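Beneath this line is the structure, given in structure tokens, with notes to follow.
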Amino acid sequence: MSGTFLGMPAFPEAAREAVADPVLRANLRHATHTIREKRARAVAELDDWALLREAGKAIKDRTLRHLDTYLVQLEEAVTAAGGTVHWAADAAEANRVVTGLVKATGEREVVKVKSMATQEIGLNEALEAEGISAYETDLAELIVQLGEDRPSHILVPAIHRNRGEIRDVFRDRMADWGRPAPDDLTDAPADLAEAARLHLREKFLRAKVGISGANFMVAETGTLVVVESEGNGRMCLTLPETLISVVGIEKVVPTWRDLEVFLQTLPRSSTAERMNPYTSMWTGTADADGPGAFHLVLLDNGRTGALADEVGRQALRCIRCSACLNVCPVYERAGGHAYGSVYPGPIGAILTPQLRGTASDIDASLPYASSLCGACYDVCPVAIDIPEVLVHLRGEIAGRGGKGHRLERAAMRAATWLLDHPGALATGERLASATRAAHPSRPPGAGAWTEGRDLPELPERPFRDWWKRNRA
Ligand code: SF4
């Protein structure tokens with residue numbers, strides 16, 4: 001069982017611990033800088049990168065505008081190909097459907113392909129509550145699961161761990177889950193990979209049920225697509241008798257032609273590869289080839305709410321490449337756990353509050369977990385304007401005048417009134433200039449916001465008076 005994000009404090013508090021941990025910061029800095037440099041080189045190889053980015057954005061926007069049509073088309077195609085489609089409004093319903101399907105097979109264990117959607121709904125925990133063991137088979141997910149840890153990155157969930165820590169996790173915990181790690185296990189990458197390979201192989205060969213997500217779903221044929229680097233996905237998608245895929249409704253693309261764009265942008269943005277080592281595609285079921293039963297669980301869980309928000313809906317374009325995490329100065333220092341969600345970093349700061357709402361301290365704090373530098377927007381392969389959504393969400397939160405925003409709201413109201421009354425504004429400016437020697441360098445009562453900022457020094461006289469005297 002992995003750790004849980006339930007009950008996390010607000011981002012600044014959660015980040016404090018990470019920022020004070022020099023080992024964690026060194027791990028994150030090394031990993032994010034390595035990936036971001038490789039990505040930049042892979043992207044620079046393509047002369048038409050900007051066009052691909054625009055095409056990806058346009059395809060996603062068009063698909064989201066007609067999502068109802070494409071989802072129904074997808075359902076018809078999956079059904080015609082021998083699969084069964086289930087609709088899940090929220091996490092509880094999705095978990096109910098999946099646990100019911102697994103129980104119906106009579107199996108007590110499943111193998112899993114790395115999947116953000118199943119993490120989002122807490123599927124492993126729901127399966128465990130029903131006495132079903134879910135084995136993560138992606139290497140990084142395995143490290144997180146064995147270490148009873150929480151994921152801290154979309155693509156590399158154990159990015160906060162270094163090789164020595166991973167060796168310790170394998171040595172201490174593998175035996176509890178199956179084949180133990182060798183006694184003489186070192187922290188060499190090849191040794192760690194071999195230990196994981198041997199540990200997982202017996203699970204692949206034994207499992208009768210596989211659970212996956214999908215990177216894309218092609219509406220015109222009902223085909224699901226999983227891209228990955230390790231081959232564990234291919235094992236889980238082909239060996240079991242029953243395959244259950246839990247996929248967010250925004251993952252649909254209309255045609256194979258549309259898919260072509262993302263199969264170019266996703267690998268370069270995520271792993272800095274020209275193409276993924278493993279791209280698995282399947283359409284329903286086929287006699288004597290792959291799983292004999294296929295179930296697709298289409299997950300809403302807050303997505304239609306996000307879709308209704310004209311500014312926020314662009315977050316649903318996300319293809320989970322994680323490029324925005326790797327360039328984010330806040331993520332690099334705070335790490336992924338501080339975001340209190342399986343979606344960390346800049347995309348998490350705009351997606352989580354839309355999927356979960358902003359009632360909790362952590363969710364209401366996420367849109368503020370950014371310097372608004374815009375590096376995330378620059379690298380996003382589907383051109384999600386993350387700073388725009390962050391500011392939009394901040395506006396909504398502050399507009400409600402919730403905890404920590406009452407003063408801000410009162411100040412904005414006062415400013416609105418003042419700007420509507422030019423006479424009062426002129427008097428206020430003159431008064432402020434006349435009393436400038438007595439002004440504090442920081443405004444009182446604004447808390448952390450002013451800790452690193454000083455008030456600008458006021459001129460001796462307001463600009464309007466200077467203008468009158470010198471130019472009028
Ligand atoms: S927001 Fe853009 S850069 Fe970030 S994970 Fe999603 S697609 Fe990738």
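Taking the stretch 297-339 as the range and being charged (D, E, K, R), away from the ligand (no atom under 16 Å from the Cβ), touching a strand residue (DSSP E or B) at 6+ places or on another chain (Cβ under 8 Å) and not in a loop (DSSP other than H, G, I, E, B) as the test, no residue passes.
If you check Asp385 against the conditions, is it closer than 19 Å to Gly305 by Cα, within 15 Å of the ligand (Cβ to nearest atom), surrounded by fewer than 22 Cβ atoms within 10 Å (Cβ to Cβ) and modelled with pLDDT of 95 or more? The answer is yes for Asp385.
The set of residues from the stretch 14-38 being buried (at least 18 other Cβ atoms within 10 Å of the Cβ) and touching a helix residue (DSSP H, G or I) at 6+ places or on another chain (Cβ under 6 Å) comprises Ala14, Ala15, Ala18, Leu24, Leu28, Thr32, Ile35, Arg36. Report, ordered by the first and then the second residue, all pairs with beta carbons closer than 8 Å, sequence separation of six or more or different chains, a first member in the stretch 309-327 that is touching a residue at least 24 places away in the same chain (Cβ under 8 Å), and a second member that is more than 9 Å from the ligand (Cβ to nearest atom) and of a type in the set (Gly, Ala, Ser). What qualifies is Gly312/Ala306; Arg313/Ala306; Ala315/Ala306; Leu316/Ala306; Cys324/Ala375; Leu325/Gly336; Val327/Ala375.
Contact annotation: residue pairs with Cβ atoms under 8 Å, 6 or more positions apart or on different chains, pairing a residue in the stretch 381-407 that is under 30 Å from Leu51 (Cβ atoms) and part of a loop (DSSP other than H, G, I, E, B) with a partner that is away from the ligand (no atom under 12 Å from the Cβ) and not hydrophobic (A, V, I, L, M, F, W, C), are Ala383/Glu54.
Scanning the stretch 429-443 for residues being surrounded by 14 or more Cβ atoms within 10 Å (Cβ to Cβ) and of a type in the set (Gly, Ala, Ser) gives a total of 1. With respect to the conditions (1) in contact with a helix residue (DSSP H, G or I) (Cβ under 9 Å, 6 or more places away or on another chain); (2) of a type in the set (Gly, Ala, Ser); (3) farther than 19 Å from Asp361 by Cβ; (4) at pLDDT below 85, Gly447 lacks only one, and its number is (3). Annotation: of all residues in the stretch 230-281 being assigned to a loop (DSSP other than H, G, I, E, B) and within 16 Å of the ligand (Cβ to nearest atom), the one that is surrounded by the fewest Cβ atoms within 10 Å (Cβ to Cβ) is Glu273. For the stretch 175-192, taking the residues that are surrounded by 14 or more Cβ atoms within 10 Å (Cβ to Cβ) and hydrophobic (A, V, I, L, M, F, W, C), the one that is nearest to Arg163 (Cα to Cα) is identified as Leu192.
Mind checking which residues of the stretch 193-226 are among the basic types (Lys, Arg) and either surrounded by fewer than 17 Cβ atoms within 10 Å (Cβ to Cβ) or outside the structural domain of Gly100 (by TED's automatic domain parsing) (or both)? Don't jump to the end; show me each part of the working.
Of all residues in the stretch 193-226, those among the basic types (Lys, Arg) come to 197, 201, 203, 206, 208.
Within the stretch 193-226, Arg197, Arg201, Arg206 meet the criteria.
Summed over the stretch 144-161, residues that are of a type in the set (A, V, I, L, M) and in contact with a strand residue (DSSP E or B) (Cβ under 9 Å, 6 or more places away or on another chain) total 2.
The values are calculated or read from the model by the stated rules, or taken from the named source; none is laboratory data. Since this is a predicted model, take the numbers as computed values, not measurements. Virtual Cβ from ideal backbone geometry, glycine too; neighbours counted across all protein chains shown.
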